[in-house]
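The values are calculated or read from the model by the stated rules, or taken from the named source; none is laboratory data. All of these numbers come straight from a predicted model, not from anything done at the bench. Methodologically, a virtual Cβ is constructed for each residue, glycine included, from the backbone with ideal geometry; neighbour enumeration extends over all protein chains shown. Ligands, DNA and RNA are stripped out before the accessible areas are found, and what is left, the full protein with its side chains, is counted by its heavy atoms. Shrake-Rupley method; radii C 1.70, N 1.55, O 1.52, S 1.80 Å.
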Amino acid sequence: MAAIDCGTNSIRLLVADLPDPAAGPQAPLTDLSRRMEIVRLGQGVDRTGRLAPEAIERTRVALASFAADIDRLGAGRVRMCATSASRDAQNAAEFREMVQRTLGVAPEVVTGDEEARLSFTGAVRGLPADARPPYLVVDIGGGSTEFVVGTREGGVEAAISMDIGCVRMTERHLHGDPPGPDEVAAAQADIAAAVDRALEAVPGRSAATLVGLAGSVTTVVAIAQGLTAYEPERIHHARVSYDRVAEVTADLLAKSREQRLAIPVMHPGRADVIGAGALVLRVIMERSGLGTVVASEHDILDGIAWSLA
């Protein structure tokens with residue numbers, strides 16, 4: 001099957017085979033293709049309420065390439081989920097028509113609740129045995145961050161989506177290069193207020209393990225580990241302390257975009273928003289009281305694939 005996750009900042013493809021049912025409930029998918037392109041679909045949405053024509057075109061080009069992969073690998077089932085940017089946009093119909101023409105299937109503009117549940121499913125399957133439940137799974141996207149609490153056996157207990165993604169917070173607050181102290185303080189206050197509401201709603205402070213998903217988290221973890229190249233196998237299920245996350249966040253926010261681009265593990269399309277993404281992670285750790293984050297390379301994309309089982 002083929003799963004596509006179209007977020008505010010990136011669009012990703014997973015083509016995979018399901019495991020043999022006899023392999024047990026924790027058996028992994030067999031990846032045939034896993035790709036990511038930064039398309040910044042949510043460019044300017046927080047300000048204008050509309051998807052920019054050039055952002056829709058960037059997404060179309062990436063989708064056309066994904067469609068070629070899907071055809072080549074012979075995926076029998078395809079599901080595309082579109083998240084925060086296309087939920088918010090006034091011209092979402094234009095985006096849906098483009099996807100139908102390019103991919104041959106309509107995108108599902110999932111609710112924040114469904115987005116959270118898919119992320120949880122993808123993240124907790126295969127977690128190490130010493131990762132104690134209940135889990136607080138946070139998926140830090142471009143336009144929103146999902147907070148989900150649950151267990152492997154019982155599934156999702158509560159979920160909420162908050163509008164504090166890395167693109168949205170950068171566009172709203174972090175305008176300097178690097179951002180000034182007042183800009184960082186304003187972003188931090190905005191994030192903290194949303195995180196507190198989310199942790200009360202889910203409730204996140206009762207969780208034993210924090211699991212962090214998506215590119216902001218995995219990039220921060222890669223930097224914290226001192227990697228000289230992005231190595232998913234070393235990032236997946238790596239644990240990083242709050243103190244180390246705080247150090248990396250402060251360093252990223254003090255650097256210019258050019259300096260962030262020089263970091264070996266930095267994707268060029270993430271360099272201008274990674275400071276905000278790291279800040280969201282740091283504030284979540286502060287407000288939840290969870291002193292360690294477990295990174296996962298498996299997230300909503302894997303959850304979309306499992307939903308086709």
Q) Which log10 I(q)/I(0) values, to two decimals, does the stretch 1-104 give at q = 0.10, 0.21, 0.22 Å⁻¹ under the Debye formula with one point per Cα? A) -0.31, -1.01, -1.08
(Q) For the pair Val61/Asn91, report the inter-label distance in nm, with labels modelled 7 Å from Cα in the Cβ direction. (A) 1.8 nm
Q: Compute the Rg/Rh shape ratio of the chain: radius of gyration over Kirkwood radius, all on alpha-carbon atoms.
A: 0.94
Q: Tally up the carbon and sulfur contribution to the accessible surface of the stretch 1-132 as a whole percent, 1.4 Å probe, everything protein left in place.
A: 49 percent
**Q.** When the convex hull of its Cα atoms is projected in every direction, mean area for the stretch 46-133 (nm²)
**A.** 7.9 nm²
Q: For the stretch 213-288, state the average projected area of the convex hull of the C-alpha atoms over all orientations, rounded to one decimal in nm².
A: 4.5 nm²
Q. When the helix-only estimate is applied to the chain (DSSP H runs of n ≥ 4, each -39,500 (n - 2.57), divided by the residue count), what is the mean residue ellipticity at 222 nm, nearest 500 deg cm²/dmol?
A. -13000 deg cm²/dmol
Q. Taking 0.36 nm per intervening residue step and subtracting the Cα-Cα distance, what contour gain separates Ser256 from Ser33 on full extension?
A. 76.9 nm
Q. How large is the accessible surface per residue of the stretch 134-188, computed with a 1.4 Å probe and reported in Å² as a whole number?
A. 35 Å²
**Q.** Segment Thr151-Arg50, extension gain: residue separation times 0.36 nm, minus the distance between their alpha carbons
**A.** 32.6 nm
Q) DSSP beta bridges in the stretch 1-122, what fraction antiparallel, as a percent rounded to 5? A) 65 percent
Q. Ordered by residue, what ³J(HN,Hα) values in Hz, to whole numbers, does the stretch 112-124 give under the Karplus form 6.51 cos²θ - 1.76 cosθ + 1.60, where θ = phi - 60° and Gly and Pro are x?
A. x, 5, 5, 4, 5, 5, 5, 4, 4, 4, x, 7, 7
Q | In Hz, Karplus ³J(HN,Hα) per residue of the stretch 199-213 (6.51, -1.76, 1.60; θ = phi - 60°; x = Gly, Pro) | A | 5, 6, 6, 7, x, x, 6, 8, 6, 9, 9, 9, 10, x, 10
Q | Antiparallel DSSP beta bridges within the chain, percent to nearest 5 | A | 65 percent
Q | Added length on full extension, which subtracts the Cα-Cα distance from 0.36 nm per residue, Ala201 to Asp177 | A | 5.1 nm
